[in-house]
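Enquirer: This is the structure I want to talk about, given as structure tokens.
The values are calculated or read from the model by the stated rules, or taken from the named source; none is laboratory data. Given the structure is predicted, the values throughout are model-derived calculations rather than measurements. Because the Cβ atoms are built from the backbone with ideal geometry, glycine has one as well, and the counts that use them run over all protein chains shown.
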Amino acid sequence: MRLKFSKMHGLGNDFMVIDGVRQTVSLDTDRIRQLGNRHFGIGFDQLLLVESPQEENNDFRYRIFNNDGSEVEQCGNGARCFAKFVCDQKLTNKKAIRVETAKGVIVPEYLGQNQAIVDMGVPRFRPVDIPFVAEGDAITYPLDTGGYSCDISVVSMGNPHAVQVVDNVDTAPVKELGALIEIHHRFPEKVNAGFMQIVSRQEIRLRVFERGAGETLACGTGACAAVVAGIRRGLLDSKVLVHTRGGDLQIEWHGDGQPVRMTGPAMTVFQGEIEV
Ligand SMILES: N[C@@H](CCC[C@H](N)C(=O)O)C(=O)O
């Protein structure tokens, strides 16, 4: 049997996107890992599986797998690619699309010309939303990692993020420290580690070491989490331009209880078929 897919990316964070509405898809963890391998497979940071919704008033279900095969709750760059994919594939003609994820509903909107805006939902800070050995919802926590101490903000965008402020993202030890923070014992479900350089109150530079994928060229939920953390720390205004290694995202958040809005590109690279 053959399975059709699209290869897409959002700022260089790349995806294999599969239509599981019109195709029967059954891929186990080993097969996802093999497909995600850049030498022995297709290569991607995440695999996105588009399915029919479980609840009637939603339009789709969206499942996300890191290239290590783990299934995760949320993916921001993926959400924009998802919106372009379902519009391009004529799976919907709606403008705002209600999508079930493992942690609630998000509402992406494809704007045309390879741009999408996504209501990413309300960020959360409590240990119940992001398992972390801490009480309450402090703005920063000290974290010790192999002799290096930093102050991190923990933010759940559905998936967990630990964000720290650094002087310069180019010289920050993102790969070494990110790999240690990802598996730190205070994060029993592992974590995405963000390194944010404040450029001004409306502009940051960001690198993210992603859980289950390593450092990527951009991380959409990482950008949302960093801006939310920066606003809570009093360092940023409510609309922020985020520079990643793969390009720029616009993030907007108006404070507690409000959803985060993310605007940025979604690109199709090619379409293909695999034998399953
Ligand atoms: N690249 C993504 C995030 C993908 C999931 C993440 N690695 C996790 O394990 O939570 C994004 O754009 O948000």
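Enquirer: Quick check on the range 219-237. Is at least one of its residues exposed (fewer than 15 other Cβ atoms within 10 Å of the Cβ) and among the hydroxyl-bearing types (Ser, Thr, Tyr)? Break it down into steps so the answer makes sense when it comes.
Expert: Looking only at the range 219-237, we keep the residues that are exposed (fewer than 15 other Cβ atoms within 10 Å of the Cβ), and these are 234, 237.
Then keep just the ones that are among the hydroxyl-bearing types (Ser, Thr, Tyr); that gives none.
There is no residue in the range 219-237 that is exposed (fewer than 15 other Cβ atoms within 10 Å of the Cβ) and among the hydroxyl-bearing types (Ser, Thr, Tyr).
Enquirer: Okay, next question. Is it true that some residue in the range 25-39 is away from the ligand (no atom under 16 Å from the Cβ), under 22 Å from Asp88 (Cα atoms), surrounded by fewer than 20 Cβ atoms within 10 Å (Cβ to Cβ) and outside the structural domain of Leu249 (by TED's automatic domain parsing)?
Expert: Yes, the range 25-39 contains a residue that is away from the ligand (no atom under 16 Å from the Cβ), under 22 Å from Asp88 (Cα atoms), surrounded by fewer than 20 Cβ atoms within 10 Å (Cβ to Cβ) and outside the structural domain of Leu249 (by TED's automatic domain parsing).
Enquirer: What about Gly214, is it assigned by TED's automatic domain parsing to the domain that holds Pro160, within 11 Å of the ligand (Cβ to nearest atom), out of contact with any Ser or Thr (no Cβ under 8 Å at 6 or more places or on another chain) and at positive phi?
Expert: Taking the combined requirement at face value, the residue satisfies it.
Enquirer: Sticking with this one: Only residues that are near the ligand (Cβ under 9 Å from one of its atoms) and either in contact with a Leu (Cβ under 6 Å, 6 or more places away or on another chain) or of a type in the set (D, E, K, R) (or both): list them for the range 78-105, please.
Expert: Within the range 78-105, Gly78, Arg80 meet the criteria.
Enquirer: Being of a type outside the set (Ser, Thr, Tyr) and in a loop (DSSP other than H, G, I, E, B) narrows it down to one residue among Val118, Val122; which is it?
Expert: On the way: Val118 fails: in a loop (DSSP other than H, G, I, E, B).
Selected residue: Val122, the only one of Val118, Val122 that is of a type outside the set (Ser, Thr, Tyr) and in a loop (DSSP other than H, G, I, E, B).
Enquirer: Could you give every pair whose Cβ atoms fall below 8 Å, whose first residue belongs to the range 67-81 and is assigned by TED's automatic domain parsing to the domain that holds Asp30, and whose second residue is modelled with pLDDT under 95 and charged (D, E, K, R), counting only separations of at least 6 or pairs across chains?
Expert: Glu73/Lys103; Gln74/Lys103
Enquirer: To continue, here is another question. Taking interchain pairs and intrachain pairs at least six residues apart, which have beta carbon atoms under 8 angstrom, with the first residue in the range 32-49 and acidic (Asp, Glu) and the second not in a helix (DSSP H, G or I)?
Expert: Pairs found: Asp45/Asn13; Asp45/Asp14; Asp45/Phe15; Asp45/Asn66; Asp45/Asn67; Asp45/Glu210; Asp45/Ala213; Asp45/Thr216.
Enquirer: OK, next. Anything in the range 76-119 that is in contact with a Ser or Thr (Cβ under 7 Å, 6 or more places away or on another chain) and aromatic (Phe, Trp, Tyr)? List them, or say none.
Expert: Passing the criteria: only Phe85.
Enquirer: Separate question: Output the residues belonging to the range 151-190 that are touching a residue at least 40 places away in the same chain (Cβ under 8 Å), within 16 Å of the ligand (Cβ to nearest atom) and among the hydrophobic types (A, V, I, L, M, F, W, C).
Expert: Correct list: Val155, Met157, Val163, Val174, Phe187.
Enquirer: Further question: Which residues, counting only those in the range 1-24, are of a type in the set (S, T, N, Q) and surrounded by fewer than 16 Cβ atoms within 10 Å (Cβ to Cβ)?
Expert: Gln23, Thr24
Enquirer: Can you tell me which residue within the range 220-243, out of those that are touching a helix residue (DSSP H, G or I) at 6+ places or on another chain (Cβ under 7 Å) and within 15 Å of the ligand (Cβ to nearest atom), is farthest from Ala193 (Cα to Cα)?
Expert: Within the range 220-243, the match that is farthest from Ala193 (Cα to Cα) is Val242.
Enquirer: Here is a follow-up. Across the range 140-173, what is the total count of residues that are under 22 Å from Val199 (Cα atoms), among the hydrophobic types (A, V, I, L, M, F, W, C) and more than 17 Å from the chain's Cα centre (by Cα)?
Expert: Of the residues in that region, 6 qualify.
Enquirer: In the range 112-130, which residues are surrounded by fewer than 17 Cβ atoms within 10 Å (Cβ to Cβ) and either of a type in the set (Phe, Trp, Tyr) or free of Cβ contacts under 8 Å to residues at least 60 places away in the same chain (or both)?
Expert: Gly112, Gln113, Arg126, Pro127, Val128
Enquirer: (1) within 11 Å of the ligand (Cβ to nearest atom); (2) modelled with pLDDT under 95; (3) not polar (S, T, N, Q): which one isn't true of Tyr148, the others all being true?
Expert: (1)
Enquirer: Against the definition (away from the ligand (no atom under 16 Å from the Cβ), buried (at least 18 other Cβ atoms within 10 Å of the Cβ) and either among the aliphatic types (A, V, I, L, M) or more than 21 Å from Thr268 (Cα to Cα) (or both)), how does Leu49 come out, yes or no?
Expert: Here the answer is no, as Leu49 does not meet what is asked.
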